[in-house]
Each structure stands twice: as structure tokens, then as C-alpha cells.
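Beneath this line is the structure, given in C-alpha cells, with notes to follow.
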Amino acid sequence: MPSRHETGWDRIYHRYPPESLPWELGKPRKVLVELVDSGEIRPCKALDLCCGVGTNPFYLAEEGFDVVALDVSDGAVKYARDKVYEANIAINLLVGSFLGLPLKSEEFGFVFDFGCFHHVEAENRMAFIRGVYRVLKLKGTFFMVCFSHKNGPAWNHFRKEQIEELFGDHFDIKWIKHGSSLEGDNVTRYFYEALMEKPAN
């Protein structure tokens with residue numbers, strides 16, 4: 001039986017250096033920086049799902065957020081912990097799955113997901129959504145960025161209407177925008193950005 005380091009995301013982060021991975025840009029995602037700069041989200045207790053080597057949670061911590069970051073790969077989390085230790089910055093880094101989040105209910109004012117939801121198998125999508133809903137405080141903000149259909153047909157390339165249908169029963173959707181990003185492999189990929197709020201009642 002193969003070890004966990006030989007399969008899935010753990011295999012990737014144990015086999016390849018972060019700078020070789022297209023999604024690890026070495027700088028915070030522009031959409032996150034723009035959201036913080038806009039004032040639509042202010043420093044609070046925040047959760048980064050599928051944090052990778054920690055670039056986005058590192059940025060949030062520098063901006064005054066109280067950050068918890070989670071990734072399924074212990075290899076990715078080790079890279080992130082080394083970075084946090086070197087910078088002497090406080091981030092609670094956890095190894096765990098985005099399904100069955102090992103976190104308290106209504107713990108966070110902000111949850112960020114860049115590229116996590118589009119890796120959730122179709123049969124687990126509602127469990128993922130319910131998990132995010134559970135850990136968010138009332139009126140808390142969920143910012144989700146996922147693959148767009150403009151990348152070509154695939155089971156995890158979404159249209160705006162699908163996002164509205166999947167999330168609309170749990171969240172008030174404030175806006176959905178379409179955008180693109182030049183990734184680390186010099187390929188432009190297309191994304192939907194969705195800003196949502198957990199209703200007060």
C-alpha cells in the first residue's frame with residue numbers, strides 16, 4: 001500500500017519544489033489584495049482553505065488578520081511553517097481536509113478559497129459548502145475563486161449560473177466577477193470570483 005506521500009497533493013508537494021508548481025506564484029493573489037485594499041473585508045479571524053505553501057495567509061497576517069490556514073498536504077504545510085518561522089509571524093497552520101473541517105462553528109469572520117472548491121468532487125460539493133457555512137460567523141464573508149468554463153469543458157470548470165445555484169441556498173451572493181491570471185507556467189487561466197455573506201438569520 002503506497003504511503004500518503006506517494007499519492008495526491010502530498011505526492012506533488014513532496015516531489016516538486018513549490019516554485020515549479022503553476023499555482024504557487026510566490027506572491028499573494030491579486031484578487032485577494034484587491035479585496036483587502038477595497039475595504040470590503042477588514043481584519044478579523046480568517047481561514048484560508050487549501051493554503052498551499054502559505055503565501056496568501058502570510059499576506060493576510062501581515063495585514064492584521066488572525067489567520068488559520070489549512071491544507072491536506074503535510075508537505076505544503078511544512079513549507080508554510082518554515083516561512084512563518086523565518087518571518088516570526090503568527091499563523092495557525094493545520095493539516096486537514098476541506099471536508100469535515102476540524103474547526104469550531106461560527107469561528108471566522110472571513111473564509112478565503114482560491115482554487116479549492118473546483119477540486120471538490122461533485123458528490124462532496126454540498127458537504128464542502130455546509131462546512132464553510134458552519135465555520136463562518138453570522139454576516140461573515142466567504143471569498144471563493146474557482147475555474148471558469150472559459151478554460152474549456154471539464155467537470156470542474158464552472159459557469160456563473162452554476163455558482164449561483166450551488167451557493168445561493170446558503171449564502172447571500174454579493175457579486176460574481178470573471179477574471180484571468182497568468183499562472184506560474186506562463187499559461188493564462190480563467191476564473192470566477194464570488195463574494196458571499198452568511199445571512200444573519
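The values are calculated or read from the model by the stated rules, or taken from the named source; none is laboratory data. From a predicted model like this one, the values you see are computed outputs, not experimental measurements. Neighbour counts run over all protein chains shown; Cβ positions are idealised from the backbone, glycine included.
A single entry from G168, G152, G184 fulfils the requirement of being under 19 Å from P28 (Cβ atoms) and small (G, A, S): G184. Here the range 144-155 is the region considered, the condition is being of a type outside the set (G, A, S) and surrounded by 21 or more Cβ atoms within 10 Å (Cβ to Cβ), and the residue that is farthest from P199 (Cα to Cα) is C146.
Do we find that Y133 is at pLDDT 95 or above, surrounded by 15 or more Cβ atoms within 10 Å (Cβ to Cβ) and either touching a His at 6+ places or on another chain (Cβ under 6 Å) or acidic (D, E) (or both) in this structure? So Y133 fits the description; yes.
Identification of strands (runs of 3 or more DSSP E) wholly contained in the range 100-201 with 2 or more residues that are over 24 Å from G52 (Cβ atoms) yields 136-147, 172-182.
Can you name every residue in the range 100-119 that is in contact (Cβ under 8 Å) with a residue 40 or more places away in the chain and acidic (D, E)? Residues satisfying the conditions are E107, D113.
Candidates are the residues of the range 80-111 that are aromatic (F, W, Y) and at pLDDT 90 or above; the one that is nearest to L195 (Cα to Cα) is F110.
When the test is whether a residue is surrounded by 15 or more Cβ atoms within 10 Å (Cβ to Cβ), more than 28 Å from G152 (Cα to Cα), within 14 Å of the chain's Cα centre (by Cα) and modelled with pLDDT of 90 or more, F114 does not pass it. Among the residues of the range 61-99, those that are closer than 12 Å to C50 by Cβ, surrounded by fewer than 17 Cβ atoms within 10 Å (Cβ to Cβ) and either in contact with a Pro (Cβ under 9 Å, 6 or more places away or on another chain) or free of Cβ contacts under 8 Å to residues at least 24 places away in the same chain (or both) comprise L94, G96.
Per-residue answers, yes or no, for (1) within 17 Å of the chain's Cα centre (by Cα); (2) among the acidic types (D, E); (3) farther than 26 Å from E19 by Cβ:
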residue	(1), (2), (3)
L136	yes, no, yes
S148	yes, no, no
K174	no, no, yes
G184	no, no, no
